[in-house]
Amino acid sequence: MNIFFNALHAPIGAHSSFTLGCLGKNGGLGLEQGGPANENVYVGLEAREGVVYEALPFYAGAEDEASRYDHTKRQAEKTQQILTSFAHADITREFALGTDRWSAGDLKFTIYSLAEGVPDPDNAAAADMKRLLCPAVIAELTIDNTECQRDRRAFFGYGSGRSGDAYNIVEGKGGMRGFAKGQETGIFSDSKSVVPALGFGIGNLLNEKHAFNYNFHLGGTGLMFCHVPAGKKVTFPFAICFYRGGIVTTGMPCSYYYQHYYKSIGDVAQKALKDAAWFKSRAKVADRLLGKKSLNEDQRWMMAHAIRSYYGSTQLLEHKKKPVWVVNEGEYRMMNTFDLTVDQLFFEMKMNPWTVRNELDFFTSRYSYTDKLHFRGGENVYPGGISFTHDMGVRNHFTKPGFSAYELTGLTGCFSHMTHEQLVNWILCAAVYSKGSGDKRWVKQTLPIFKKCLRSMLNRDNPKKSARNGVMALDSSRTGEGAEITTYDSLDESLGQARNNVYIAVKGWAAYLAMEGIFEKHGMVREAEVARDQAQRAAATIASHLTASGYIPAIMGEDFDSRIIPAIEGLVFPWVLGQKQVLREKGPYGNMITALKTHFRTVLQQGVCLYDDGGWKLSSTADNSWLSKIYLCQFVARKVLGIDNPATRKDADAAHRNWLLNDENLRFAWSDQMSSGVAKGSKYYPRGVTSILWLEE
């Protein structure tokens, strides 16, 4: 297996990452970026013979594969240059959720990452918040010099090669020292044997004979030089730090929540190094999070990769002394994209449920709107109702209330409105939060919104009660002469069109059931009956479209014959909500469950919704699959429908892991949207945490 893939090592809530693993100048220290920083990263050691320095291959030129095979050439190159890469075949990697360790020769480089729940800022202890929100990653460089009779030098550093703030030496209490690029990124240590150095480039620094010249501020490269005595094995601690002060957003002024505790990147470094032992211990706990024996190695690897990517997109901000939780949409950096929020829901409920409440409240108070409706080709003359925007903004800009950064009028494809799907998403997120958090006060306060959502859902079915079938049929006035779409925005109508889509219909059925449960629990009998009646109508409609060939068309009743896997996706919500009786083939919705089970078995075939490699093709008519949605549907197939076989687990998992390890995908770590196994969009993405559901199997 190729070990040279980028992975994120991200502080929680700081929208930053030390990304490393892909050969060449493809990693680095990135702050508020939608991809890797593309910096040279230098982790190396003086060779035993003292002729050259050998480094891990994460800098420009190191991706040359020749040294893997031609060791004669490699030895010759040693006499011509001071820095060379370790032979790729001599490098090993141990990759887990909390730890990522590289080994080559006498060098080991370990990076520690957290996968922790964030306490609710409204009732958390300040000391806990300060430690957990420290925008830093801990790393260690271990050099085994026990078999060498001479002192050697090791180093860790980076060079951005980009304009911006100058590199500068930073010193603090307890012997802490390091270097930073302005106040944004930097590397620090509190070891007495580590000395920071600045220069034009790696060659200049390695050849520099005068320590006085290490404080050279015109350069664009910084190194932390480590002295290793002869016959000793030494471990050097490092804090890889990020910081952005002041107001960091537009549209709605916010600052990072960590500014409560840190006023400079030096403060961050001081705290991170002091708490390094705690960071390491928690990283090892994170490793055990994915230790469940039922997971195969491909699943474990993909989950670790995806969770790391999620944290790299997180921001905990503050507005008017209130916390604002934001998950940025990977390379696109859209903020709290709602159709990601609903999929990341399961992970956030496991780790920190308060963030779900925070997102929902923000959607309700700032990013909701009321529309009118029209039938296809008609006028907007029918009452609509409440719904929610696709997102809250993009690239640190909060859009004005009631508007997203994404949605446009007059379209039928990408960038149109997702009004109905986001309405369904709010209902499902709110119901899952209600069930999982036990927050009775919030649910009671939110009942009026649930009632508005029910009315809005009814209106989008049909203005006349007698004509309703439980499925969306009207489009929002916000689309103009266009039509609503779904989260699968870059696909054809099979998953792109919202109206009469079986994927949306099953999610809508789940939303009606969720509301029925909420209303029943609070004595709202009439509303519960209406929601139940709509769920029954939806189930009957869906089941009635099962063809003699054993599948349900993606667009029901519109002469569109595509077949899709996500028809089963919405079944996850009643399972999570504990409504397992509705998922039984002999239960109240048995006809629909049997139809969906038959449908899934029919479409999960090569040439339909399976690639030749065993990977899942979400639509039979489009070469475009989202791994996050595949992970979710795998869970539904195995746990809810009871279809657990090589095609739904082992074969699929191996294929999907190989997609992520495709040469074209390595640089962007975990990516979501794949065409024949190649990432065409949604790179550096957070949504793969749908895989957390696998821990429930």
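The values are calculated or read from the model by the stated rules, or taken from the named source; none is laboratory data. These figures come from a predicted structure and were not determined experimentally. Quick reminder, even Gly has a Cβ in these numbers, built from the backbone with ideal geometry, and neighbours come from all protein chains shown.
List of remarks:
- Index of the failed condition, Gln605 passing every other in (1) surrounded by fewer than 17 Cβ atoms within 10 Å (Cβ to Cβ); (2) within 24 Å of the chain's Cα centre (by Cα): (2)
- Close pairs (6 angstrom Cβ cut-off, 6 or more residues apart or separate chains): within 15 Å of Val636 (Cβ to Cβ) in the range 581-609, modelled with pLDDT of 95 or more and among the aromatic types (Phe, Trp, Tyr) anywhere: Val582/Tyr589; His599/Tyr551; Val603/Tyr551
- Yes/no for Asn645 being more than 27 Å from Gly28 (Cα to Cα), surrounded by fewer than 24 Cβ atoms within 10 Å (Cβ to Cβ) and modelled with pLDDT under 95: no
- Evaluation of Ala197 against (1) touching a helix residue (DSSP H, G or I) at 6+ places or on another chain (Cβ under 6 Å); (2) over 28 Å from Arg152 (Cβ atoms); (3) not charged (D, E, K, R) (one fails), failing number: (2)
- Residue match in the range 174-192 (condition: more than 25 Å from Val137 (Cα to Cα) and either in contact with a strand residue (DSSP E or B) (Cβ under 9 Å, 6 or more places away or on another chain) or crowded, with 18+ Cβ neighbours inside 10 Å (or both)): no
- Looking across the range 202-236 at every residue that is small (Gly, Ala, Ser) and either surrounded by 17 or more Cβ atoms within 10 Å (Cβ to Cβ) or modelled with pLDDT under 90 (or both), the one that is nearest to Phe109 (Cα to Cα) is identified as Gly222.
- Inspection of the range 438-458 finds no residue satisfying the criterion of being farther than 19 Å from Tyr367 by Cα and among the polar types (S, T, N, Q).
- Screening Leu223, Leu218, Leu206 for residues that are aliphatic (A, V, I, L, M) and either touching a Gly at 6+ places or on another chain (Cβ under 8 Å) or not assigned by TED's automatic domain parsing to the domain that holds Lys108 (or both) leaves exactly one candidate, Leu223.
- Top-ranked residue in the range 105-120 [being part of a loop (DSSP other than H, G, I, E, B) and under 22 Å from the mean Cα position of the chain (by Cα); ranked as surrounded by the most Cβ atoms within 10 Å (Cβ to Cβ)]: Ser113
- So Tyr406, is it touching a Lys or Arg at 6+ places or on another chain (Cβ under 8 Å), among the hydroxyl-bearing types (Ser, Thr, Tyr) and modelled with pLDDT of 95 or more: no
- Filter pass, Lys597 being in contact with a Leu (Cβ under 6 Å, 6 or more places away or on another chain), basic (Lys, Arg) and at pLDDT 95 or above: yes
- Among the residues of the range 24-41, just one is buried (at least 24 other Cβ atoms within 10 Å of the Cβ), assigned to a loop (DSSP other than H, G, I, E, B) and touching a Pro at 6+ places or on another chain (Cβ under 8 Å), namely Asn26.
- Residue match in the range 356-367 (condition: within 17 Å of the chain's Cα centre (by Cα) and surrounded by 22 or more Cβ atoms within 10 Å (Cβ to Cβ)): yes
- Taken together, Leu546, Leu513 contain a single residue that is hydrophobic (A, V, I, L, M, F, W, C) and in a helix (DSSP H, G or I), which is Leu513.
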